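Undergrad: First the structure, which I've put down as structure tokens, then a few questions once you've had a look.
Rule-based calculations on the coordinates, nothing more; no lab input. Model, not experiment: these values are computed from the prediction. Heads up, the Cβs are rebuilt from the backbone with ideal geometry, glycines too, and the neighbour counts pull from every protein chain shown.
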Amino acid sequence: MDDNSLIRLEDITKTYPVGEVEVHALKGITYTIDHGDMVSIMGPSGSGKSTLMNIVGCLDKPSSGKYFLEGREVSTYDKNQLAHIRNKKIGFVFQNFNLLSRTTALENTELPLLYDADIPTKKSREMALHALELVGLKGRELHKTNQISGGERQRVSIARALVNSPSLILADEPTGNLDTKTGSEIMDVFKRLNRERGITIILVTHDPEISAIAPKRLYVRDGIVWKQEEVSS
């Protein structure tokens, strides 16, 4: 395997039973993502992009095919092993932020660290403060998330995704609940994290403008890859 490969998907399929009918959500996806890539996955509703995102994020397993993450075939892992990979290797950013509303930005950012008994409280606080600083929220750490703007809430979400120093950040429609100006600012955060810190970022979107920001683009339709693009960043 290429030493620089972070993700390698080999003929990934996913089939769901719906009553007596089988729905073929993915029909053989093969794709490679390298360390430090910024990739968009684009497709209309029902295209299979959300199913693909769930498999890449170790939230689901393929029906067939192989998924390698950092050289390990995680498609063979059980639920506990997948949970460990999600907590250690993957940061998630969602359209709806998924924050606890009556707690502070700092407390929300620390959440993934609560599952690691090896990280003392002082260290987890330092890691969370650093993540918030990276996304431009220094000085806003003690504000409760129901008292800050949508753009700031998404920055908290990104900080939470960053706090464990993951190999990959997976962002699902990250600007979907934001106005155009705020959405552009959030995309600037992703671009800076990718460019300056080498963090691999996958953007799942239906928005061509968001997709165009990523140098590598994967277009999914009817469960297959119908187009790939790569442009100079």
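Undergrad: For region 83-102, give me each residue that is in contact with a helix residue (DSSP H, G or I) (Cβ under 7 Å, 6 or more places away or on another chain) and more than 13 Å from A161 (Cβ to Cβ).
TA: Scanning region 83-102 gives I85, L100, S101, R102.
Undergrad: Now for a separate question. I'd like the full set of residues that are more than 18 Å from the chain's Cα centre (by Cα) and in a strand (DSSP E or B), limited to region 19-54.
TA: V21, E22, V23, H24, A25, L26, K27, G28, I29, T30
Undergrad: Moving to a separate point now. Confirm whether G176 is on the phi > 0 side of the Ramachandran plot and either part of a loop (DSSP other than H, G, I, E, B) or not small (G, A, S) (or both).
TA: Details: on the phi > 0 side of the Ramachandran plot: no; either part of a loop (DSSP other than H, G, I, E, B) or not small (G, A, S) (or both): yes.
Against the criterion (on the phi > 0 side of the Ramachandran plot and either part of a loop (DSSP other than H, G, I, E, B) or not small (G, A, S) (or both)), G176 does not qualify.
Undergrad: May I pose another question? Identify the residue in region 117-149 that is among the small types (G, A, S) and exposed (fewer than 15 other Cβ atoms within 10 Å of the Cβ) and, among all such residues, is nearest to T182 (Cα to Cα).
TA: Within region 117-149, the match that is nearest to T182 (Cα to Cα) is S149.
Undergrad: Return the residue satisfying two criteria in turn: it lies in region 156-189 and is surrounded by 24 or more Cβ atoms within 10 Å (Cβ to Cβ) and small (G, A, S), and of such residues it is nearest to N96 (Cα to Cα).
TA: S157
Undergrad: Go through L113, L170, L100 for me and flag whichever is out of contact with any Phe, Trp or Tyr (no Cβ under 6 Å at 6 or more places or on another chain) and outside any loop (DSSP other than H, G, I, E, B).
TA: L113
Undergrad: Working only within region 36-85, note down all residues that are among the β-branched types (V, I, T) and exposed (fewer than 14 other Cβ atoms within 10 Å of the Cβ).
TA: T76
Undergrad: Residue check: is R153 assigned to a helix (DSSP H, G or I) and loosely packed, with under 15 Cβ neighbours inside 10 Å?
TA: Here the answer is no, as R153 does not meet what is asked.
Undergrad: Give the residue, chosen from L52, L59, L6, that is in contact with a His (Cβ under 9 Å, 6 or more places away or on another chain) and either without any contact (Cβ under 8 Å) to a residue 24 or more places away in the chain or closer than 25 Å to T175 by Cβ (or both). Give the derivation first.
TA: On the way: L52 fails: in contact with a His (Cβ under 9 Å, 6 or more places away or on another chain); L59 fails: in contact with a His (Cβ under 9 Å, 6 or more places away or on another chain).
Being in contact with a His (Cβ under 9 Å, 6 or more places away or on another chain) and either without any contact (Cβ under 8 Å) to a residue 24 or more places away in the chain or closer than 25 Å to T175 by Cβ (or both) holds for just one of L52, L59, L6, which is L6.
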